[in-house]
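See structure below.
The values are calculated or read from the model by the stated rules, or taken from the named source; none is laboratory data. As the structure is a prediction and not an experimental result, all values here were calculated from the model. Methodologically, a virtual Cβ is constructed for each residue, glycine included, from the backbone with ideal geometry; neighbour enumeration extends over all protein chains shown.
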Amino acid sequence: MEMSVAWYEVDDFAKAKRFYGDTLGLEKVLEMDDWVEFSHAKDAPSIGLFRVDKLTRCGAKVVLRVDNLDQTRATLLSQGVEFEGDVEEIPGMVRLATFKDPAGNRLQLCQVLFGK
């Protein structure tokens, strides 16, 4: 497992992009529809921003990249980790599984589907 991205919900997408890009000086490494990522380098962990109409929570969701989501999820389940809902898939992009740590902080497993 490796840290891939930590992401926030934002309700003012343009303002958030200016803050992370212009104010903090991070490089935009990916953008599509309601999602953008900023980092100091292309293949380094990044900060993601997800556009929402209304903020529903505060704080980041840390994403852990894995080679085999099903296998990793099964291992974590056997260790008592409870997942939120089913595995989600963005076709041709990623598969995601969300869970919480013991303190209630949200994390996601991510299996990349493109570039293979």
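So here's what we get for this one:
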| read-out | value |
| --- | --- |
| Boolean, residue 26 is of a type in the set (A, V, I, L, M), out of contact with any Gly (no Cβ under 9 Å at 6 or more places or on another chain), more than 22 Å from residue 115 (Cα to Cα) and in contact (Cβ under 8 Å) with a residue 24 or more places away in the chain | no |
| Search result, residues across region 70-85 that are out of contact with any strand residue (DSSP E or B) (no Cβ under 8 Å at 6 or more places or on another chain) and not hydrophobic (A, V, I, L, M, F, W, C) | 71, 75, 78, 79, 80 |
| Conditions (1) of a type in the set (Ser, Thr, Tyr); (2) outside the structural domain of residue 96 (by TED's automatic domain parsing); (3) not in a loop (DSSP other than H, G, I, E, B): number failed by residue 72 | (2) |
| Scan of region 81-96 for residues that are over 18 Å from residue 35 (Cβ atoms) and of a type in the set (A, V, I, L, M), ordered by number | 81, 87 |
| Test: residue in region 76-96 that is part of a loop (DSSP other than H, G, I, E, B), surrounded by fewer than 16 Cβ atoms within 10 Å (Cβ to Cβ), at pLDDT below 90 and among the charged types (D, E, K, R) | no |
| Residue among 60, 44, 14 that is aliphatic (A, V, I, L, M) and closer than 16 Å to residue 96 by Cβ | 60 |
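Yes or no, residue by residue, for (1) of a type in the set (Phe, Trp, Tyr); (2) within 11 Å of the chain's Cα centre (by Cα); (3) modelled with pLDDT of 95 or more:
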position: 1; (1), (2), (3): no, no, no
position: 9; (1), (2), (3): no, yes, no
position: 20; (1), (2), (3): yes, no, no
position: 27; (1), (2), (3): no, no, yes
position: 31; (1), (2), (3): no, no, yes
position: 40; (1), (2), (3): no, no, no
